[in-house]
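Only the coordinates and a few stated rules stand behind these numbers; no lab work does. Being a predicted model, the structure only gives us computed values, none of them experimental. Counting neighbours? That spans all protein chains shown, and the Cβs are built from the backbone with ideal geometry, glycine included.
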Amino acid sequence: MPVHIEPSNQTCALEQGDVRVHGPASAVRISTDDGKSMSRAELDGRFIWITEAEADALTVAGAFDGRHHVKVDDGDSVI
């Protein structure tokens with residue numbers, strides 16, 4: 001799991017590949033990458049891909065939630 005949250009002081013660590021950043025959860029910005037239709041968490045200018053459950057956990061810890069729904073314009077899409 002690339003997201004580690006310390007509830008006692010609301011800090012977190014984001015890890016993915018060679019990206020490892022640590023800081024207050026309130027400094028994390030969660031956004032949506034439209035091209036990948038995925039959420040990502042950004043801290044100190046570095047980002048990692050995260051699941052929706054991880055995004056929800058980060059927002060509970062104080063992260064800014066800037067996600068939005070991605071909608072497909074293709075009529076054959078199931079979404």
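Each row is one residue, and each column tells you yes or no for (1) of a type in the set (A, V, I, L, M, F, W, C); (2) touching a Gly at 6+ places or on another chain (Cβ under 7 Å).
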{"residue": "L14", "(1), (2)": "yes, no"}
{"residue": "R20", "(1), (2)": "no, no"}
{"residue": "S31", "(1), (2)": "no, yes"}
{"residue": "M38", "(1), (2)": "yes, no"}
{"residue": "D44", "(1), (2)": "no, yes"}
{"residue": "F47", "(1), (2)": "yes, no"}
{"residue": "V60", "(1), (2)": "yes, no"}
{"residue": "F64", "(1), (2)": "yes, no"}
{"residue": "H68", "(1), (2)": "no, no"}
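Determine the pairs where a residue that is within 13 Å of H68 (Cα to Cα), located within the stretch 31-42, has a partner that is among the acidic types (D, E) with Cβ atoms under 9 Å apart, the partner being 6 or more residues away or on another chain. The qualifying pairs are S31/E42; S31/D65; S39/D33; S39/E52; S39/E54; R40/D33.
In the stretch 43-56, the residues that are within 9 Å of L14 (Cβ to Cβ) and touching a residue at least 24 places away in the same chain (Cβ under 8 Å) form Cβ pairs under 6 Å with partners that are in a loop (DSSP other than H, G, I, E, B) and of a type outside the set (S, T, N, Q), at six or more places apart or across chains, as follows: L43/V28; I48/P2. One residue stands out in the stretch 37-54 among those that are of a type in the set (S, T, Y) and surrounded by fewer than 19 Cβ atoms within 10 Å (Cβ to Cβ): the one that is nearest to H4 (Cα to Cα), namely T51.
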